[in-house]
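Since the structure comes first, as structure tokens, the remarks are kept for the end.
The values are calculated or read from the model by the stated rules, or taken from the named source; none is laboratory data. All of these numbers come straight from a predicted model, not from anything done at the bench. Cβ atoms come from the backbone with ideal geometry, glycine included; neighbour counts cover every protein chain shown.
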Ligand SMILES: Nc1ncnc2c1ncn2[C@@H]1O[C@H](COP(=O)(O)OP(=O)(O)OP(=O)(O)O)[C@@H](O)[C@H]1O
Ligand SMILES: [Mg+2]
């Protein structure tokens, strides 16, 4: 299911530097400020991506060690030089050359193809330097919007770390190529297990469904209550909940994420982004974004888990196509 932007056109956004980086981080310096405790979060110093629309994100500046390693190897970051957290996860994104990622996916062979979303194709690969199996997302080269989401994704996932968020291993910004390298999630997305299940595949049992809901909720709780300032995910949906071999869920796709309100502010005003069927109606109508917008989307996924129906299903009879309306009109209305 694709993302949409209901209100402002991409052209409006391009003209308005306020939307230069929709996450609210002012490029490298703001990313550093995030790492240092968000000292300047009141000052939304958005960079104007018009001026440098294809500039590579420089999140590796967060770590002097990573930067040193990068300078030394000219983009071929060595595993040993990457700073790790207590669980062994890399805490800053590595940079890869396009050649490395082409090698990892055997030149993006169809056998390595995992799926495709609004931003591009995803391939399974193996990094030659470490042997690690990864998922590589190659962004469509369709202009500024994809590049902005690439930048936000790298910034957000380089700074936010939790067991229920997918781990970003690194990225490639060679020339006009934009690729993201993630930990490989062997069981694919929750959507793959809920809808159009092949006959030889078992449906998820109830306990697994609830475990997935609880894990995804913990990921959201981290973004809303532990990150400071809070992060609003804006793209909570079943295709963005990835599953490992034991169905432990992790949220993925942070290209639409946005810093939440700080101080006594109740919301942030922004153009409406998200996915049909999951987007909170009050946000869609007003453009006023709060953490509750994510909670609404969580509710939609919970309904998908409980009913096995899609959030939007145009193959169903009129009146049943929108899951939320169907549930509220038919199931919860006493007639
Ligand atoms: N880290 C990963 N590990 C394994 N498979 C993945 C990974 N990331 C994505 N995929 C697979 O690639 C598919 C496409 O993912 P992608 O995020 O590009 O699109 P989407 O979520 O379906 O749509 P949208 O663009 O609206 O987010 C997913 O359905 C999933 O099966
Ligand atoms: Mg996705």
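Looking only at residues that are in contact with a strand residue (DSSP E or B) (Cβ under 6 Å, 6 or more places away or on another chain) and under 18 Å from residue 275 (Cβ atoms) in region 213-230, which one is farthest from ligand 2 (Cβ to nearest atom)? Can you show your working first?
First, pick out the residues of region 213-230 that are in contact with a strand residue (DSSP E or B) (Cβ under 6 Å, 6 or more places away or on another chain): 215-216, 219, 223, 229.
Among the residues that remain, those that are also under 18 Å from residue 275 (Cβ atoms) are: 216, 219, 223.
On the way: 216: 13, 219: 14, 223: 16 Å.
The extreme case among them is 223.
Select from region 121-132 the residues that are closer than 18 Å to residue 97 by Cβ and within 16 Å of ligand 2 (Cβ to nearest atom) and list them in ascending order. Lay out the reasoning, then the answer.
At the first step, the residues of region 121-132 found to be closer than 18 Å to residue 97 by Cβ are 123, 125-132.
123 - this is the single residue of region 121-132 that is closer than 18 Å to residue 97 by Cβ and within 16 Å of ligand 2 (Cβ to nearest atom).
Specify which of the listed residues (256, 194, 223, 204) is at pLDDT 95 or above, under 16 Å from the mean Cα position of the chain (by Cα) and at negative phi.
223
Within region 157-171, identify whether any single residue is more than 16 Å from ligand 2 (Cβ to nearest atom), surrounded by fewer than 17 Cβ atoms within 10 Å (Cβ to Cβ), within 13 Å of the chain's Cα centre (by Cα) and under 21 Å from residue 249 (Cα atoms), and answer yes or no.
Yes.
Which count do you get for residues in region 115-153 that are more than 30 Å from residue 271 (Cβ to Cβ) and either surrounded by 15 or more Cβ atoms within 10 Å (Cβ to Cβ) or touching a residue at least 12 places away in the same chain (Cβ under 8 Å) (or both)?
11
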